[in-house]
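To start, the structure under review is shown below, and the notes come after it.
The values are calculated or read from the model by the stated rules, or taken from the named source; none is laboratory data. In this text, all values refer to a predicted model and were calculated from it rather than measured experimentally. As a convention, Cβ positions derive from the backbone with ideal geometry for all residues, glycine included, and neighbour counts pool all protein chains shown.
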Amino acid sequence: MSASEPGPAVDGTIAAGTNPDITSILVENRRFPPPKAFAAAAHLGQPETVEELRQRAALDPVGYWCDVAKTDVRWSKPFTQGLDWSDAPHARWFADGELNISDNCLDRHCETWRRHKAALIWEGEPIGANGPEIRTLTYQQLLVQVQKFAAVLRSLGVQAGDRVCLYLPMIPEAAIAMLACARIGAVHSVVFGGFSAEALRDRTLDAGAKVIVTADAGYRRGALLRLKDVVDEALTRNGGAACVQHVVVVQRAGCEVQWQAGRDAWWHECMAAAPAGMPPTALPAEHPLFILYTSGTTGKPKGILHTTGGYLTHTTRTARWVFDLRDDDLFWCTADVGWVTGHSYVVYGPLSNGATVLMYEGGPAFPDKDRFWDIVQRHRVTVFYTAPTALRTFMAWGDAPILKHDLSSLRLLGTVGEPINPAAWVWYRSVIGGDRCPIVDTWWQTETGGILIAPLPGVQTCVPGTATLPLPGIAADVVDNQGKSLPADVGGLLVIRQPWPGMARTIWGDRERFAQTYYGRIAGMYVTGDGARRDADGNFWILGRVDDVLNVAGHRIGTMEVESALVSHPHVAEAAVVGRPDALTGQAIVAFVTPMLGVQTSPALAEVLRSHVASEIGGLARPAEIRFATALPKTRSGKIMRRLLRELATAGQVTGDVTTLEDFGVIEKLRATDED
Ligand code: WTA
């Protein structure tokens with residue numbers, strides 16, 4: 001554990017503190033213009049109109065977003081103010097307006113013919129004698145459930161502004177609980193079901209959640225994920241979380257659970273007793289909607305706070321334009337609701353548009369490697385949105401499981417979460433998309449709320465490997481460390497020069513950290529933490545993180561968190577964590593560990609430490625590799641030289657500048673301990 005070490009570019013990433021100029025050697029000449037039939041039916045199919053719109057939005061971004069907010073969102077009290085930046089960098093959008101997100105996602109559709117349209121089509125993972133369990137909720141049915149659960153939350157004492165933690169599998173109740181919170185102005189904090197008790201406890205405490213909504217268990221990869229057990233542990237371990245008064249438990253698997261009378265309640269029993277018809281509460285546009293924890297470079301995870309009016313404006317518009325959502329689409333975003341993609345493009349964006357969303361509980365290889373394609377074929381999915389790491393896994397499994405199925409219903413494909421290598425992009429287009437579907441590579445972050453850079457598929461030519469252009473109203477740029485725009489083909493920092501409605505408002509409980517992290521590096525600009533370059537056509541090529549955040553299988557993991565977990569083990573004296581490229585997961589975690597004096601290192605200890613990290617943070621943070629070392633390479637001022645560790649982990653040797661290294665012998669020793 002130590003501050004990051006400045007250094008030059010390594011593997012397409014740019015270390016902080018150096019001149020970020022790097023030249024990319026990747027040249028991609030393949031171009032895929034929109035298919036004629038696709039463009040003819042698209043929301044945006046006229047390049048000239050879109051060009052004009054882009055220009056207008058660039059001249060007056062606030063005016064542009066005000067128009068979007070008026071057309072895409074239903075307000076119970078219209079707003080008269082666009083952006084209020086007087087408390088910069090804490091933005092306020094449409095601040096004097098009032099609305100309710102569940103009203104926008106449900107009630108407004110139930111007043112139209114969409115009332116009986118499917119909102120959610122859900123499929124469970126297990127396959128019984130009659131196939132998988134499938135539940136369909138029309139907009140009307142979803143509304144009734146949300147109204148009831150909103151009443152349940154109220155009966156448990158939840159008021160507007162109170163926090164509710166959701167620790168759930170991918171089941172309809174996750175969406176119902178989110179929308180029910182939104183209906184009464186409670187703030188949800190969804191914690192991914194793969195996180196450990198410790199991580200759940202930290203997040204629950206930080207948010208000060210009054211209620212946790214969970215399930216007895218969920219199904220994942222043919223196994224039971226016992227969520228209620230984890231909640232019980234989180235509420236007792238290390239002093240527990242005294243803020244939590246109630247735990248509502250969905251009976252998903254029917255397995256045995258521990259029960260604490262007075263605290264625990266069954267979802268189905270509460271719902272049976274709940275009154276119908278709870279109306280939506282009109283909330284100020286800046287009322288908090290949710291907190292979502294994400295990894296930072298240092299310290300504990302950051303509770304990213306999103307609010308109501310701006311977030312809904314942004315997600316509604318981007319869902320419709322980027323995914324070209326139509327009433328006859330079946331949209332499947334494979335992300336878990338525990339991540340921001342699940343918030344913005346499983347729940348809020350698509351439902352606000354009145355779309356039909358497919359939700360799947362489980363993994364892609366259960367019972368066989370063709371499960372996703374079986375789902376696409378059976379349900380006739382039309383728009384499919386997933387992560388590059390999943391695509392690389394499918395590629396590795398070979399085309400046979402895909403070719404077995406009729407995927408002709410698909411008309412548009414999307415990716416998110418990490419850079420997609422052109423080979424995977426082209427494979428996606430040809431094998432899954434039948435050379436027929438445009439691909440939208442969408443760049444965004446937990447902090448941005450919704451998509452910022454992506455093609456508009458009816459008008460733009462797609463180029464494998466680039467998210468192409470910023471959406472209208474988004475002022476993205478590539479700059480040097482001083483904030484000066486860089487010319488084409490020079491790598492630098494990806495920044496956003498102007499506020500946008502979906503941007504995070506702050507870090508929960510830490511305004512200063514928000515300002516420092518995102519606006520502290522270059523005055524007046526949102527610094528994304530990603531490196532990028534623009535090509536001569538203006539397309540943005542994302543080069544990966546420039547800070548010490550790893551991207552493993554599309555999930556951001558702070559090196560600091562993994563290091564803290566490692567040093568919390570009594571046998572560990574010091575630890576440094578780096579990422580190395582991995583064919584499947586994008587990056588894999590390599591941990592360099594100095595054991596306590598007298599501790600015997602062994603493959604068994606490495607295994608213990610890997611499991612220790614998994615139990616502290618969750619399986620997604622389990623290091624792929626642990627390397628023991630008697631010392632770590634440090635500068636004279638005592639900073640761990642991660643750049644050297646990255647080189648060792650990636651190339652097996654150090655070729656870069658070592659003039660600041662304090663002890664040259666350390667590198668030799670590290671190389672000699674490769675066998676662990
Ligand atoms: C990376 C996920 C390249 C990037 C929505 C970003 C991408 C981080 C792309 C955010 C993309 C996301 N191309 N890189 N299309 N999309 N990233 O907060 O490094 O989980 O900063 O949000 O993922 O991850 P987060």
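If residue 85 satisfies every condition in (1) in contact with a His (Cβ under 8 Å, 6 or more places away or on another chain); (2) surrounded by fewer than 22 Cβ atoms within 10 Å (Cβ to Cβ) but one, which is the exception?
It fails just one condition, (1).
Can you pull out every residue in the stretch 327-345 that is under 22 Å from residue 112 (Cβ atoms) and either crowded, with 24+ Cβ neighbours inside 10 Å or in contact with a strand residue (DSSP E or B) (Cβ under 7 Å, 6 or more places away or on another chain) (or both)?
Residues satisfying the conditions are 329, 330, 331.
Scan the strands (runs of 3 or more DSSP E) fully inside the stretch 206-295 and keep the ones with 3 or more residues being within 16 Å of the ligand (Cβ to nearest atom).
Qualifying strands (runs of 3 or more DSSP E): 288-294.
Sort through 457, 464, 472 and tell me the only one that's in the same structural domain as residue 345 (by TED's automatic domain parsing) and buried (at least 23 other Cβ atoms within 10 Å of the Cβ).
Of 457, 464, 472, the one residue that is in the same structural domain as residue 345 (by TED's automatic domain parsing) and buried (at least 23 other Cβ atoms within 10 Å of the Cβ) is 457.
What tally of residues in the stretch 515-538 results from selecting those that are of a type in the set (Lys, Arg) and either within 12 Å of the ligand (Cβ to nearest atom) or within 23 Å of the chain's Cα centre (by Cα) (or both)?
Looking only at the stretch 515-538, we keep the residues that are of a type in the set (Lys, Arg), and these are 521, 533-534.
So of that shortlist, the ones also either within 12 Å of the ligand (Cβ to nearest atom) or within 23 Å of the chain's Cα centre (by Cα) (or both) come out as 533.
Qualifying residue count, the stretch 515-538: 1.
Only one of 323, 331 is among the hydrophobic types (A, V, I, L, M, F, W, C) and either free of Cβ contacts under 8 Å to residues at least 60 places away in the same chain or not assigned by TED's automatic domain parsing to the domain that holds residue 65 (or both); which?
331
Helices (runs of 4 or more DSSP H) wholly in the stretch 28-134 with at least 2 residues that are of a type in the set (Lys, Arg) and assigned by TED's automatic domain parsing to the domain that holds residue 347 - which ones?
47-59
Among the listed residues 194, 208, 185, which satisfies the condition of being in contact with a strand residue (DSSP E or B) (Cβ under 9 Å, 6 or more places away or on another chain), at pLDDT below 95 and under 27 Å from residue 344 (Cα atoms)?
Of 194, 208, 185, the one residue that is in contact with a strand residue (DSSP E or B) (Cβ under 9 Å, 6 or more places away or on another chain), at pLDDT below 95 and under 27 Å from residue 344 (Cα atoms) is 194.
Does residue 494 satisfy the criteria of being without any contact (Cβ under 8 Å) to a residue 60 or more places away in the chain and surrounded by 17 or more Cβ atoms within 10 Å (Cβ to Cβ)? Show your work before the answer.
On the way: without any contact (Cβ under 8 Å) to a residue 60 or more places away in the chain: yes; surrounded by 17 or more Cβ atoms within 10 Å (Cβ to Cβ): yes.
It is true that residue 494 is without any contact (Cβ under 8 Å) to a residue 60 or more places away in the chain and surrounded by 17 or more Cβ atoms within 10 Å (Cβ to Cβ).
Could you give me the residue pairs with C-beta distances under 7 Å whose first residue belongs to the stretch 366-393 and is at positive phi, whose second residue is crowded, with 18+ Cβ neighbours inside 10 Å and hydrophobic (A, V, I, L, M, F, W, C) wherever it lies, and which are 6+ apart or on separate chains?
Final answer for the pair search is 380/330.
Counting only residues that are more than 7 Å from the ligand (Cβ to nearest atom) and of a type outside the set (A, V, I, L, M, F, W, C), which one in the stretch 439-449 is surrounded by the fewest Cβ atoms within 10 Å (Cβ to Cβ)? Don't jump to the end; show me each part of the working.
Keep residues of the stretch 439-449 that are more than 7 Å from the ligand (Cβ to nearest atom), which gives 439-440, 448-449.
If we keep only those that are of a type outside the set (A, V, I, L, M, F, W, C) as well, we get 448-449.
Details: 448: 23, 449: 31.
So, considering only residues that are more than 7 Å from the ligand (Cβ to nearest atom) and of a type outside the set (A, V, I, L, M, F, W, C), the one surrounded by the fewest Cβ atoms within 10 Å (Cβ to Cβ) is 448.
Can you tell me how many residues in the stretch 531-579 are within 19 Å of residue 496 (Cβ to Cβ) and free of Cβ contacts under 8 Å to residues at least 60 places away in the same chain?
Within the stretch 531-579, residues that are within 19 Å of residue 496 (Cβ to Cβ) and free of Cβ contacts under 8 Å to residues at least 60 places away in the same chain number 2.
With the checklist (1) away from the ligand (no atom under 14 Å from the Cβ); (2) modelled with pLDDT of 95 or more in hand, flag the one item residue 452 doesn't pass.
Among (1) away from the ligand (no atom under 14 Å from the Cβ); (2) modelled with pLDDT of 95 or more, the lone unmet condition for residue 452 is (1).
Do you know which residues across the stretch 199-251 are hydrophobic (A, V, I, L, M, F, W, C), farther than 24 Å from residue 510 by Cα and free of Cβ contacts under 8 Å to residues at least 24 places away in the same chain?
223, the sole residue that qualifies.
Any chance you could count how many residues in the stretch 414-431 are in a helix (DSSP H, G or I) and buried (at least 23 other Cβ atoms within 10 Å of the Cβ)?
2
Would you confirm whether or not the stretch 265-279 contains a residue that is of a type outside the set (A, V, I, L, M, F, W, C) and within 28 Å of residue 334 (Cβ to Cβ)?
Yes, the stretch 265-279 contains at least one residue that is of a type outside the set (A, V, I, L, M, F, W, C) and within 28 Å of residue 334 (Cβ to Cβ).
Provide a single number: the residues in the stretch 69-79 that are surrounded by fewer than 20 Cβ atoms within 10 Å (Cβ to Cβ) and among the β-branched types (Val, Ile, Thr).
Summing the residues that are surrounded by fewer than 20 Cβ atoms within 10 Å (Cβ to Cβ) and among the β-branched types (Val, Ile, Thr) in the stretch 69-79 gives 1.
Based on what the data block shows, is residue 240 at pLDDT below 95 and over 15 Å from residue 164 (Cβ atoms)?
yes
Condition check ((1) at pLDDT 95 or above; (2) of a type outside the set (A, V, I, L, M); (3) crowded, with 18+ Cβ neighbours inside 10 Å; (4) farther than 27 Å from residue 514 by Cβ) across all residues:
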position	(1), (2), (3), (4)
66	yes, yes, yes, no
96	yes, yes, no, no
100	yes, yes, yes, no
113	yes, yes, no, yes
124	yes, yes, yes, yes
